[in-house]
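A short write-up of the structure that comes next.
What follows is calculated from the coordinates using simple rules that are stated; it is not laboratory data. These figures come from a predicted structure and were not determined experimentally. Neighbour counts are summed over all protein chains in view; Cβ atoms, including those assigned to glycine, are modelled from backbone coordinates with ideal geometry.
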Amino acid sequence: MNRTMSIFRSVLMLVAGAMALSSCFLKGSSYPTSEHPGQMSSATGLLYNDEDNGGFMVHPYSGQPDAPNMVFIEGGRHVMGSFEQDLLKTRDNIERTVSVASFYMDETEIANIHWLEYLHYLQDSNSIDPNIYQSALPDTTVWEEKLAYNDPYVDHYLRYPGFRFFPVVGINWSQANKYAEWRTRAVNMKLSEDAEAESEAWDGQGRVPLERGIYIPSYRLPTEAEWEYAAQALIGTQWLDENQTHQRLYPWDGHATRNPYGKEMGYFLANFKRGRGDYAGIAGKLNDGALITSYIYEFPPNDFGIYNMAGNISEWVMDVYRPLSFQDFEDLNPIRRDGWMDSILDRNGKPQYNNKENNPTEYTSLISDRSRVYKGGSWKDVAYYMSPGTRRYLDQDSSTATIGFRCAMIRAGSNY
């Protein structure tokens, strides 16, 4: 009897072990991954990291390094376009379903202190042409008005310590891109220095190879699709399996611009112009609390954890502006980079975008490859422009007191 029970237990253990092994195999845990590639090639059987025999080096990797101020945005399906009434009759933001890959976006707008840091390193570097520093200076005269006394903002808004964490303005699209390039170099230089201190990371030519996985991808302006997707933050409306309970007119629930809950009930959820001549409310109980811009963490974040995706300042995005972008671009990671489709003829045999670049002598449109989209309402805009789908554009070398920016970044090594 004891022997029979012993055999029975052994059989059970073998079956359980086989089932566990089968389960592991089915789940793919026995397969090599980016983080756990194994000790030898699954294609050739040759050993990795066999330096004595010139083996292929596979360095440790634990995922994309963290980037300062970046919030992870999980990608997915998204309906671009405005759910607000088309007051201007532009019909340039008609709904279209697209998919956006996962990416990272700045938690806040780029603030004055961030820009002053940038100017400091440009000025401090002996290898940089002084003209580069001059070209990076914001246009503080954007505050000037012939019929308004905004002179204190011209002199103080950028550099006075009290405005350190207010969004930088007077920045054109080209300057924003230059900042993103510098920021990438600055962060990666720090990561390289850390890697050098920890191990032999350099390749002998003063660089850390991309294969080491030490660098972050480039900071850049978000695409229009990314910005709109991040602003709506519909991850907060998810119910059960891929069901969303509702769309959003603004980056928060409901059709109102005031907080309906708790101690903050009745207070505005963004910094915008409430009506003609009304920027902040009545003294003694100012509602949105800001006649101009406000502190970059002033209002509640959306469901992705991003601040001020409506109000405070409008923000540059990467795309060139075309009224028909919604029907031209791809439905996966859409972007309009340039005038590639401008020469397509309409029903009258004329280019669908009859601008100066296509027709230097008889152009009828001022929209060109220099026309860049900016998104979101600002402190000087009415609530209509805070709807994520609204679109406006400006020349890439123009700047105003209402437009700033934040950066985005791809999520490398991800298929969603």
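Checking the cross-link filter: which lysines have an alpha carbon closer than 29 Å to that of LYS89, excluding same-chain neighbours under 8 positions apart?
LYS273, LYS350, LYS356, LYS375, LYS380
Specify the angular offset, from 0 to 90 degrees and rounded to the nearest 10, of the alpha carbon long axis of helix 2-27 from the longest principal axis of the alpha carbons in the chain.
Tilt relative to the chain: about 30 degrees.
Can you give me the pair-distance distribution of region 266-319, C-alpha pairs, 10 Å bins, whole percents?
Answer for region 266-319: a P(r) of 24, 51, 21, 4, 0 percent.
If we count trypsin sites (Lys or Arg not before Pro) as exposed when they sit in a DSSP loop and have at most 16 other beta carbons within 10 Å, what is the longest stretch of the chain that avoids them all? Provide the component values of the computation, followed by the final result.
Working: sites that count: LYS89, ARG91, LYS146, ARG159, ARG164, ARG207, ARG274, ARG276, LYS285, ARG337, ARG347, LYS356.
Counting at most 16 other Cβ atoms within 10 Å as exposed, the longest clean stretch of the chain is 1-88.
For ASP328, ASP151, what's the fewest-to-most ordering of other Cβ within 10 Å of each Cβ?
Values: ASP328 15, ASP151 11.
Going from least to most buried by this count: ASP151, ASP328.
For region 34-77, what does the convex hull of the Cα positions come to per residue, in cubic angstrom?
Details: hull volume 5.0 nm³, N = 44.
Roughly 113 Å³ of hull volume per residue.
Computed over the Cα atoms of the chain, what is the ratio Rg over Rh, Rh following Kirkwood? Write down the numbers at each step before the final one.
Working: Rg = 26.8 Å, Rh = 24.9 Å.
Value, to two decimals: 1.07.
Out of region 255-285, which chymotrypsin sites (Phe, Trp or Tyr not before Pro) are coil in DSSP terms and have no more than 11 other C-beta atoms within 10 Å? Provide the component values of the computation, followed by the final result.
Working: sites: TYR261, TYR267, PHE268, PHE272, TYR279; in loops: TYR261, TYR267, PHE272, TYR279.
For chymotrypsin sites (Phe, Trp or Tyr not before Pro) across region 255-285 that sit outside H, G, I, E and B with at most 11 neighbouring Cβ atoms in 10 Å, the list reads TYR261.
Answer with one residue from MET409, LEU147, PHE268: the one whose Cα lies farthest towards the positive end of the charge dipole of the chain, charges on Cβ with Lys, Arg +1 and Asp, Glu -1.
Looking along the dipole axis, the top candidate is PHE268.
Fewest to most neighbouring Cβ within 10 Å: what's the order for THR293, THR257? It would help to have the intermediate numbers written out before the result.
Values: THR293 28, THR257 19.
Going from sparsest to densest Cβ surroundings: THR257, THR293.
Averaged over every viewing direction, what's the projected area of the C-alpha convex hull for region 309-416? Give it in nm², one decimal, please.
Values: hull surface 35.2 nm².
The Cα convex hull of region 309-416, projected and averaged over all directions, gives 8.8 nm².
Any chance you could list the semi-axes, whole Å, largest first, of the equivalent ellipsoid that the Cα gyration tensor gives for region 352-412, using √(5λ)? Don't jump to the answer; show the numbers that get you there.
Values: eigenvalues 143, 55, 28 Å².
Working from the Cα gyration tensor, I get semi-axes of 27, 17, 12 Å.
Based on the Cα gyration tensor of region 294-362, what are the three equivalent ellipsoid semi-axes, each the root of five times an eigenvalue, rounded to whole Å and given largest first?
Numbers: eigenvalues 266, 44, 15 Å².
Three semi-axes, in Å: 36, 15, 9.
Determine, for each peptide in 224-233, 100-109, the mean count of other beta carbons within 10 angstrom over its residues, then list the peptides with the highest first. Don't skip to the end; give the middle numbers.
Details: 224-233: 25.9, 100-109: 21.1.
Highest to lowest by the protection proxy: 224-233, 100-109.
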